[in-house]
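*Asks:* Just passing along the structure, written as structure tokens.
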Amino acid sequence: MSEIADRYDPTRVEPHWYAVWEERGYFHADVDSPKKPYCIVIPPPNVTGTLHIGHAFTFTLQDILIRYKRMDGYNALWMPGTDHAGIATQYVVERQLEKEGKTKEDLGREAFIARVWQWKEESGGTIIRQLKSLGASCDWARLRFTMDPGLSAAVREVFVRLWEEGLIYQGDYIVNWCPRCQTVLSDLEVEREEQDAEFVYIKYGPLTLGTVRPETKLGDTAVAVHPKDKRYRRYVGKTLEVPSVEGTITLQVVADSAVDPKFGTGVIKVTPGHDPTDFEIGKRHNLPIRSVIGFDGKMTALAGKYAGLDRFETRKRIVEDMKGLGLIDRIEPYRHAVGVCYRCKTVVEPLVSKQWYVRTKPLAEPAIKAVRTGKIKIVPRAWSKTYFHWMENIRDWAISRQLWWGHRIPVWYCDKDGSMHVSRTDLNACPKCQGPLRQDTDVLDTWFSSGLWPFSTLGWPAETPELKVFYPTSVLVTGFDILFFWVARMAMLGIKFMGDVPFRHVYIHALIRDAEGQKMSKSKENAVDPLSVMDRYGTDAFRFTLAALAAQGRDIRLGEERIEGYRNFANKIWNAARLVLTNLDGYDPARARRGSPSVADRWIKSRLTEATAQMRKAMDTYRFNDAASAVYQFLWHEYCDWYLEIAKRSLYQPESPEAKAITQRTLVETLETTLRLLHPFMPFLSEELWQRLPHKGDSIMIAPFPKATRKGRDAEAERLMAPVLDFVSAIRTVRSESRISPAVELAVTVKPSGPEVAGALESGSAVIGSLARAAITVSRDGARPAGSAVATTPSGDVFVRLEGVVDFEAERQRLRKEIERARKEIAFLEGKLGRPEFVERAPAEVVERERERLGEQRQTEQKLSTSLAALG
Ligand SMILES: [Zn+2]
Ligand SMILES: [Zn+2]
């Protein structure tokens with residue numbers, strides 16, 4: 001037996017075992033394995049990322065599933081990878097350039113992309129290293145990246161095929177444009193700045209409406225009101241002839257719920273060419289788009305006499321002109337947030353430009369059907385409703401992004417003959433005229449590539465053995481926040497290109513919040529940093545906490561004391577194992593086979609079977625918290641609190657060498673099996689201890705997950721043990737309530753509730769006596785002896801003699817004093833909670849806390865009174 005340290009040190013154990021597992025290839029799934037396949041694809045973290053609490057949570061749950069299935073005899077593949085995260089990554093590198101006083105334009109597209117790749121090689125591995133320290137058993141040999149050659153080929157193939165089938169098209173879309181930088185800005189690149197402005201109320205025939213951007217009036221194609229606004233109902237659907245700066249113009253009146261009837265006059269002008277909301281309204285009502293401001297920030301030819309003028313100059317001029325025509329009702333000062341370019345602070349101009357789209361309706365229909373018919377099962381089921389709602393109202397998907405980092409759109413244009421070519425391979429010359437080509441400058445939305453993840457990572461479009469074995473994958477685990485961004489897209493594209501669903505189950509987990517239920521964020525400083533927590537408490541304690549909290553719902557509250565609690569659990573297991581390991585001297589399994597096990601030996605085996613059954617059931621239905629609770633309750637309360645205590649007696653004062661050997665065997669076998677149950681949750685601690693115990697095989701990671709067989713249950717042993725547990729607990733309670741030192745041996749009479757309990761006590765009373773430190777008398781007629789405390793249990797009554805143990809008079813006085821104190825407290829709390837001003841005004845949690853205190857005090861008072869009565 002190797003030496004075992006007196007306390008658990010995760011920092012020594014964790015890196016050691018992870019390296020061993022990885023080196024021995026345990027994480028690797030072989031396509032030639034005859035075992036049944038089980039596959040999870042990792043939701044690819046951003047390559048720029050570092051491990052945050054949300055990652056830690058989702059990856060812990062996935063690792064638990066993978067380890068469970070791997071042990072349970074499956075050919076388990078956890079497919080890892082990272083996402084190129086277009087906007088986020090480009091932004092990081094642009095920021096670096098900025099520090100060097102450069103822009104991406106200074107470098108040019110090619111050099112900039114080279115620079116991003118360089119950054120990815122140097123810093124992109126952080127998140128992977130951190131996942132390893134979390135214990136993630138991914139098949140790292142298969143690590144993929146959304147921009148690697150294979151996945152890029154998959155992206156091209158999908159684009160071209162969708163194009164060929166008419167499911168990709170170009171259409172107009174409104175974007176954020178910086179007229180100074182001459183570039184489209186993502187929403188991330190638009191900053192909000194408070195500015196003073198004028199709210200100009202303009203007369204539109206019979207209607208009046210306010211605007212801060214009167215120059216866009218030239219691009220109006222409608223006015224809109226809220227559908228329920230009675231004031232304007234009679235105008236809806238009509239066409240108005242409205243006098244304006246360039247003669248009379250014609251405007252439709254539309255009803256749209258995007259209009260806020262309480263803002264301004266409740267009427268808005270609709271300029272689809274220069275406002276994102278108006279653009280959407282325009283789409284809903286088929287309104288024409290008039291672009292009156294150009295990419296240079298100057299008015300276009302459509303602006304008539306204002307053409308060529310700067311947009312802000314036009315704003316002043318048009319107000320003056322309208323004043324002259326009597327078209328201004330009034331002007332009010334107005335302060336509002338304006339979107340400006342993050343780089344040059346120029347006011348951003350929303351402009352309509354051509355974007356690429358995927359037609360989603362034909363893709364969404366089969367994806368809806370897959371969930372309806374149960375081919376994809378969403379857990380918890382409530383999320384299916386949200387999924388249907390979103391998918392049934394799905395809009396076409398704008399897939400082009402005006403970025404440099406990403407999959408460039410595989411479309412080439414010939415300026416000589418105006419032809420356009422969509423191609424799987426790069427084109428150098430026009431296939432029609434051999435003239436020069438230019439490639440579309442946009443890249444694809446990041447979700448376009450991650451939407452292919454379940455099959456692109458397995459080698460598609462090549463027909464690989466991986467695809468054959470592992471597609472469809474078994475389960476996708478993710479938070480509800482990306483159900484649509486990601487899960488829905490994978491469902492649509494998987495069915496389209498593989499002809500089958502990408503996963504059988506989707507497990508949607510909650511999001512982690514702090515102990516007060518607040519969203520964790522760096523700025524609020526309430527974010528739990530997984531790496532520092534793992535450092536302080538050990539990875540296993542952290543993983544177990546996350547699993548124990550993983551109830552199905554929307555939010556999870558994580559406080560540090562929970563993690564501390566599970567570190568104590570880890571230490572408890574360590575200490576239990578130490579006790580077992582230090583008592584194995586002379587252990588001879590052959591001798592154990594010659595005797596028959598005691599009730600306690602049989603009982604703990606039966607309880608282990610029950611815990612195993614509970615765990616398996618919970619794991620198979622994604623109730624991670626129930627699985628964690630099953631192993632926790634068994635290990636802490638049944639194995640440590642009861643069985644170890646009973647076993648000590650047999651180890652230190654054995655009835656026979658055979659009995660001792662059987663106890664040793666039960667201790668070892670039960671612990672070894674329990675460690676296998678625990679392994680998916682606490683991989684490091686379980687491996688460390690398992691290796692020290694007698695075991696079969698090279699690693700707990702690849703040892704079989706325990707099975708619960710019907711013959712593993714021993715109803716008789718459980719029935720015989722019940723009185724032992726009941727009576728010992730009752731005697732201990734009396735001891736603590738009467739404040740009797742644990743060193744004092746008590747005289748106890750037990751009165752069994754029936755002949756069955758009486759039978760159990762024949763062998764059980766000695767165990768009760770030793771665990772409760774009491775001399776036990778079994779009395780079947782059982783009158784209560786004088787001067788004794790009584791406790792009632794389902795197995796019968798317990799009378800604990802207090803005479804000679806307790807100084808009755810002193811104890812009576814103490815109890816009366818305590819009762820008095822409790823009653824005062826009760827009166828005080830009742831008074832407080834009886835005052836409406838307290839109950840109504842104090843925060844709900846304060847009132848709740850006082851109610852709880854009152855309940856506790858009432859219970860205390862009752863217990864004290866019972867004890868006092870027992871003294872006679
Ligand atoms: Zn700018
Ligand atoms: Zn050409």
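*Asks:* By how many degrees, 0 to 90 and rounded to 10, does the Cα axis of helix 560-581 deviate from the longest principal axis of the chain?
*Replies:* The angle comes out near 40 degrees.
*Asks:* Same structure again: Ranked highest first by the average count of other Cβ atoms within 10 Å around their residues, in what order do 367-376, 545-554 fall?
*Replies:* By packing density, highest mean first, the sequence is 545-554, 367-376.
*Asks:* Along the positive direction of the dipole of the chain (beta-carbon charges: Lys, Arg +1; Asp, Glu -1; about the Cα centre), which of 364, 470, 653 reaches farthest?
*Replies:* So the residue we want is 364.
*Asks:* For the ranges 257-264, 748-755, 81-88, what's the packing order if you count other beta-carbon atoms within 10 Å of each residue, average per peptide, and put the highest first?
*Replies:* Highest mean packing first, the order is 81-88, 748-755, 257-264.
*Asks:* Oh, and also: When Lys and Arg each count +1 and Asp and Glu each count -1, what net charge do the other residues less than 14 Å away from residue 595, Cβ to Cβ, add up to?
*Replies:* +2
*Asks:* What's the local net charge at residue 13, with K and R +1, D and E -1, over the other residues with C-beta under 11 Å away?
*Replies:* Residues close to residue 13 contribute a combined charge of -4.
*Asks:* If I take every Cα pair under 8 Å that is 6 or more residues apart in the chain, average their sequence separation and divide by the length, what percent do I get for the relative contact order?
*Replies:* 12
*Asks:* Quickly rank 179-185, 151-157, 134-140, 235-241 as a protection proxy: mean count of other C-beta atoms within 10 Å, highest first.
*Replies:* 134-140, 151-157, 179-185, 235-241
*Asks:* What do you get for the angle between helix 382-392 and the principal long axis of the chain? Use alpha-carbon atoms, 0 to 90 degrees, nearest ten.
*Replies:* Rounded to the nearest ten degrees, it is 10.
*Asks:* Check the straight Cα-Cα distances from residue 354 and name the aspartates and glutamates below 19 Å, setting aside those fewer than 8 residues away within the same chain.
*Replies:* Qualifying aspartates and glutamates at Cα under 19 Å: 172, 187, 275, 278, 280, 296, 396, 415, 440, 442, 445.
*Asks:* Give me the lysines in straight-line cross-link reach of residue 751: C-alpha distance below 30 Å, same-chain residues under 8 apart excluded.
*Replies:* Here the lysines satisfying the reach criterion relative to residue 751 are 605, 648, 863.
*Asks:* Could you work out the helix-only [θ] at 222 nm for the chain, with each DSSP H run of four or more residues adding -39,500 (n - 2.57) and the total divided by the number of residues, to the nearest 500 deg cm²/dmol?
*Replies:* About -14000 deg cm²/dmol.
*Asks:* Okay, next question. Which of 617/707; 36/377; 230/269; 228/269; 132/572 have a Cα-Cα distance over 23 Å?
*Replies:* Going by Cα-Cα distance, 132/572 fall outside the 23 Å limit.
*Asks:* When a/c reaches 1.5 or more, the comparison of a/b and b/c decides; with that in mind, is the chain rounded, prolate or oblate per its Cα gyration tensor?
*Replies:* prolate
*Asks:* Now a separate question. Calculate, for residue 432 and residue 121, the FRET efficiency according to 1/(1 + (r/R0)^6) with r their C-beta to C-beta distance and R0 41 Å; round to the nearest 0.05.
*Replies:* Approximately 0.55, to the nearest 0.05.
*Asks:* Here's a follow-up. Give me a comma-separated list of calculated 3J(HN,Hα) values for region 839-851, in order, Karplus coefficients 6.51, -1.76, 1.60 applied at θ = phi - 60°, integers in Hz, x for any Gly or Pro.
*Replies:* The phi angles translate into 4, 7, 9, 5, x, 3, 6, 5, 4, 4, 4, 5, 4 Hz.
*Asks:* Mind checking the dipole of region 101-142: about its Cα centre, +1 per Lys or Arg Cβ, -1 per Asp or Glu Cβ, Debye to the nearest 20?
*Replies:* With Lys and Arg at +1 and Asp and Glu at -1, about 120 debye.
*Asks:* Additional query: Taking the Cα-to-Cβ direction at residue 338 and at residue 95 and moving 7 Å from each Cα, how far apart do the two end points lie in nm?
*Replies:* 2.7
*Asks:* Ok, one more. Between region 328-386 and region 794-856, what's the alpha-carbon centroid distance in Å?
*Replies:* After rounding, the separation between the Cα centres reads 57 Å.
*Asks:* Moving on to the next point. Any idea what angle helix 755-772 forms with the longest principal axis of the chain, computed on alpha-carbon atoms, 0 to 90 degrees, nearest 10?
*Replies:* For helix 755-772, the angle is close to 80 degrees.
*Asks:* Considering only the chain, what is the antiparallel percent among its DSSP beta bridges, to the nearest 5?
*Replies:* The answer is about 70 percent antiparallel.
*Asks:* Whose amide H sits under 5 Å from the amide H of residue 338, counting only residues 5 or more places off or on another chain, with H placed in the peptide plane?
*Replies:* 193, 194, 195
Bear in mind these aren't lab numbers, they're just calculated from the coordinates by the rules spelled out. Nothing here was measured: the structure is a model prediction, and the numbers come from that model. Note that we place each Cβ from the backbone using ideal geometry, even for glycine, and neighbour counts take in every protein chain shown.
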